[in-house]
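*Asks:* One structure, pasted below without further comment.
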Amino acid sequence: MEITLKSGDVSAKILSFGAELKSLVVGGRELMWCADPAVWGKTAPVMFPMIGTLKDGKTLIEGKEFSLPKHGFVRDVELAVESSSPTSVILSLEQNDYTKQFFPYDFKFSLQYTLKADGITETHRVKNNSSVEMPFCIGGHPAFALNSNLSDYRLEFAKPETAAVPLYDTSKGVFMPDCRTPLLDNATTLPLNHEMFHKDVLYFDKCVSRSVSLLDKNNKGIRVDYPDFTSLGIWQAKDAAFLCIEPWCGSADFNDCTGNFADKQGIASLKPGEEKAFTFSVTAL
């Protein structure tokens, strides 16, 4: 089912399948990638309870071996419409036989989309309904449309960053923490080009900013504010006309990981009965 939100000159379209944001229009300008299947057929997949991939395709949870799909299972299932209004919708998912084969916990995941005057706010909420502590990854994967070549754009971080991103080994699906590419040295501006992404994602695992803007030469673009997330992925399909800005808690496995899901880099965790919200917003600039 497609859900349409509208307020003034801001509108959004969201699919109940995967709770995916498919369109965000502000002042007549479409901010989201068109999901061309010949390039990359997604627009903004939701990542829970996994981000990226597992070393050797498996992990240990509560002492048992599991294999989780890349980026988790929320993006591949139908969510219930819990409530809706002209400017907001809440979609939710609870554990079921399908999720239990990957993730043994009882949980409730919900995602609320709320329009604002110049964009949209996404509130990801997780509740642990299990009797034991529940580790999980959570993140967004929105792809923003580019109106010119990527080399016309830059990222502007809210705070000075010193960043050396770990190499992602695509053959093994793991990050290599000892093989890093320096990108920023106490700077806020990162010029962009397609070649930066020919080896896959740039993972800012030590970023201090909680806001970043994607701007063209005319300072037009978007800003993503991610106060509740601890790291950031930046990605595009090879030479594509979009850029993903991805707030993360958790990541793909590192090559030196323990193999225990609870030990994953940057992972979040909730005690029994505990609930937490993870919010990020997209603002048109």
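*Asks:* So for region 21-33 (the condition being in contact with a helix residue (DSSP H, G or I) (Cβ under 8 Å, 6 or more places away or on another chain), surrounded by 14 or more Cβ atoms within 10 Å (Cβ to Cβ) and at negative phi), does at least one residue qualify?
*Replies:* Quick first cut of region 21-33, residues in contact with a helix residue (DSSP H, G or I) (Cβ under 8 Å, 6 or more places away or on another chain) only: none.
Looking for residues that are in contact with a helix residue (DSSP H, G or I) (Cβ under 8 Å, 6 or more places away or on another chain), surrounded by 14 or more Cβ atoms within 10 Å (Cβ to Cβ) and at negative phi, one finds none in region 21-33, hence no.
*Asks:* For region 254-282, which residues satisfy the criterion of being assigned to a loop (DSSP other than H, G, I, E, B) and more than 19 Å from the chain's Cα centre (by Cα)? Let's see the steps before the verdict.
*Replies:* Here is the first cut: in region 254-282, the ones assigned to a loop (DSSP other than H, G, I, E, B) are 255-259, 264-267, 271-274.
Across region 254-282, the qualifying residues are N255, D256, C257, T258, G259, K271, P272, G273, E274.
*Asks:* Having 1 or more residues that are charged (D, E, K, R) and under 30 Å from F107 (Cβ atoms) is the bar; report the strands (runs of 3 or more DSSP E) wholly within region 127-236 that clear it. Talk me through it step by step, then tell me what you get.
*Replies:* On the way: elements: 134-136, 138-140, 143-145, 154-169, 174-191, 202-204, 211-215, 221-225, 231-235.
Output list reads 221-225.
*Asks:* Out of curiosity, is L184 aliphatic (A, V, I, L, M) and in contact (Cβ under 8 Å) with a residue 40 or more places away in the chain? Show your work before the answer.
*Replies:* Numbers: aliphatic (A, V, I, L, M): yes; in contact (Cβ under 8 Å) with a residue 40 or more places away in the chain: no.
No: the conditions fail for L184.
*Asks:* If the Cβ limit is 9 Å and pairs must be 6+ apart or interchain, which residue in region 139-151 that is within 16 Å of N193 (Cβ to Cβ) pairs with which residue that is polar (S, T, N, Q)?
*Replies:* What qualifies is L146/Q236; N149/N193; L150/N193; L150/Q236; S151/N193.
*Asks:* OK, next. I'd like to check something: does region 91-100 contain any residue that is of a type in the set (A, V, I, L, M), within 17 Å of C137 (Cα to Cα), part of a loop (DSSP other than H, G, I, E, B) and touching a strand residue (DSSP E or B) at 6+ places or on another chain (Cβ under 6 Å)? Please lay out each step first, then the result.
*Replies:* Residues of region 91-100 of a type in the set (A, V, I, L, M): 91, 93.
With the extra rule that they be within 17 Å of C137 (Cα to Cα), the set shrinks to 93.
When the remaining residues are screened for being part of a loop (DSSP other than H, G, I, E, B), the result is none.
No, there is no match, as no residue in region 91-100 is of a type in the set (A, V, I, L, M), within 17 Å of C137 (Cα to Cα), part of a loop (DSSP other than H, G, I, E, B) and touching a strand residue (DSSP E or B) at 6+ places or on another chain (Cβ under 6 Å).
*Asks:* Working only within region 1-31, note down all residues that are farther than 13 Å from L115 by Cα, in a strand (DSSP E or B) and within 18 Å of the chain's Cα centre (by Cα).
*Replies:* Of everything in region 1-31, those that are farther than 13 Å from L115 by Cα, in a strand (DSSP E or B) and within 18 Å of the chain's Cα centre (by Cα) turn out to be L15, F17, E20, K22.
*Asks:* Looking at region 223-244, is at least one residue within 14 Å of E156 (Cβ to Cβ) and of a type in the set (K, R)?
*Replies:* Within region 223-244, the subset within 14 Å of E156 (Cβ to Cβ) is 223-225, 232, 234, 243.
After this cut, where a residue has to be of a type in the set (K, R) as well, the list is 223.
So far as region 223-244 goes, yes, one or more of its residues are within 14 Å of E156 (Cβ to Cβ) and of a type in the set (K, R).
*Asks:* Mind checking whether some residue in region 75-87 is assigned to a strand (DSSP E or B) and either in contact with a Cys (Cβ under 8 Å, 6 or more places away or on another chain) or buried (at least 22 other Cβ atoms within 10 Å of the Cβ) (or both)? First the steps, then the outcome.
*Replies:* Of region 75-87, the ones assigned to a strand (DSSP E or B) are 78, 80-85.
Filter once more, so that each one left must be either in contact with a Cys (Cβ under 8 Å, 6 or more places away or on another chain) or buried (at least 22 other Cβ atoms within 10 Å of the Cβ) (or both): none.
Checking region 75-87: not a single residue is assigned to a strand (DSSP E or B) and either in contact with a Cys (Cβ under 8 Å, 6 or more places away or on another chain) or buried (at least 22 other Cβ atoms within 10 Å of the Cβ) (or both).
*Asks:* So, S251, is that one in a loop (DSSP other than H, G, I, E, B), at pLDDT 95 or above, among the small types (G, A, S) and more than 21 Å from H71 (Cβ to Cβ) or not? Break it down stepwise before answering.
*Replies:* Values: in a loop (DSSP other than H, G, I, E, B): yes; at pLDDT 95 or above: yes; among the small types (G, A, S): yes; more than 21 Å from H71 (Cβ to Cβ): no.
No: the conditions fail for S251.
*Asks:* Out of the residues in region 226-246 that are of a type in the set (S, T, Y) and surrounded by fewer than 23 Cβ atoms within 10 Å (Cβ to Cβ), state the one that is nearest to the chain's Cα centre (by Cα).
*Replies:* Restricting attention to region 226-246, the residues satisfying the condition of being of a type in the set (S, T, Y) are 226, 230-231.
Next, from what is left, pick out any that are surrounded by fewer than 23 Cβ atoms within 10 Å (Cβ to Cβ): 230-231.
Details: T230: 11, S231: 10 Å.
That would be S231.
*Asks:* Report, by residue number, each residue of region 118-136 that is under 16 Å from L21 (Cβ atoms) and either of a type in the set (F, W, Y) or crowded, with 19+ Cβ neighbours inside 10 Å (or both).
*Replies:* The answer is G119, I120, E122, H124.
*Asks:* If you don't mind, there's one more thing I want to ask. Quick one: N186 ticks every box in (1) surrounded by 12 or more Cβ atoms within 10 Å (Cβ to Cβ); (2) more than 18 Å from T53 (Cα to Cα); (3) not charged (D, E, K, R) bar one, so which box is it?
*Replies:* Failed condition: (1).
*Asks:* Restricting attention to region 255-285, and to residues there that are over 15 Å from P135 (Cβ atoms) and of a type in the set (A, V, I, L, M), which single residue is surrounded by the most Cβ atoms within 10 Å (Cβ to Cβ)?
*Replies:* Residue satisfying both the conditions and the ranking: V282.
*Asks:* Can I ask one more? Determine whether I51 is modelled with pLDDT of 95 or more, touching a strand residue (DSSP E or B) at 6+ places or on another chain (Cβ under 6 Å) and surrounded by 20 or more Cβ atoms within 10 Å (Cβ to Cβ).
*Replies:* Numbers: modelled with pLDDT of 95 or more: yes; touching a strand residue (DSSP E or B) at 6+ places or on another chain (Cβ under 6 Å): yes; surrounded by 20 or more Cβ atoms within 10 Å (Cβ to Cβ): yes.
In short, yes.
*Asks:* Looking only at region 225-239, which residues are among the aliphatic types (A, V, I, L, M) and touching a Phe, Trp or Tyr at 6+ places or on another chain (Cβ under 6 Å)? Talk me through it step by step, then tell me what you get.
*Replies:* To start, the set of residues in region 225-239 that are among the aliphatic types (A, V, I, L, M) comprises 232, 234, 237.
Matches in region 225-239: L232, A237.
To keep it simple, each residue is scored yes or no on (1) of a type in the set (D, E, K, R); (2) within 15 Å of L232 (Cα to Cα); (3) buried (at least 20 other Cβ atoms within 10 Å of the Cβ).
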| site | (1), (2), (3) |
| --- | --- |
| I138 | no, yes, yes |
| H141 | no, yes, yes |
| S148 | no, no, no |
| E161 | yes, yes, yes |
| T181 | no, no, no |
| F204 | no, yes, yes |
| N219 | no, no, no |
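The values are calculated or read from the model by the stated rules, or taken from the named source; none is laboratory data. The shown structure was predicted, so the numbers you read here are calculated from the model rather than taken from an experiment. In this analysis, Cβ positions are derived from the backbone assuming ideal geometry, glycine residues included, and neighbour counts consider all displayed protein chains.
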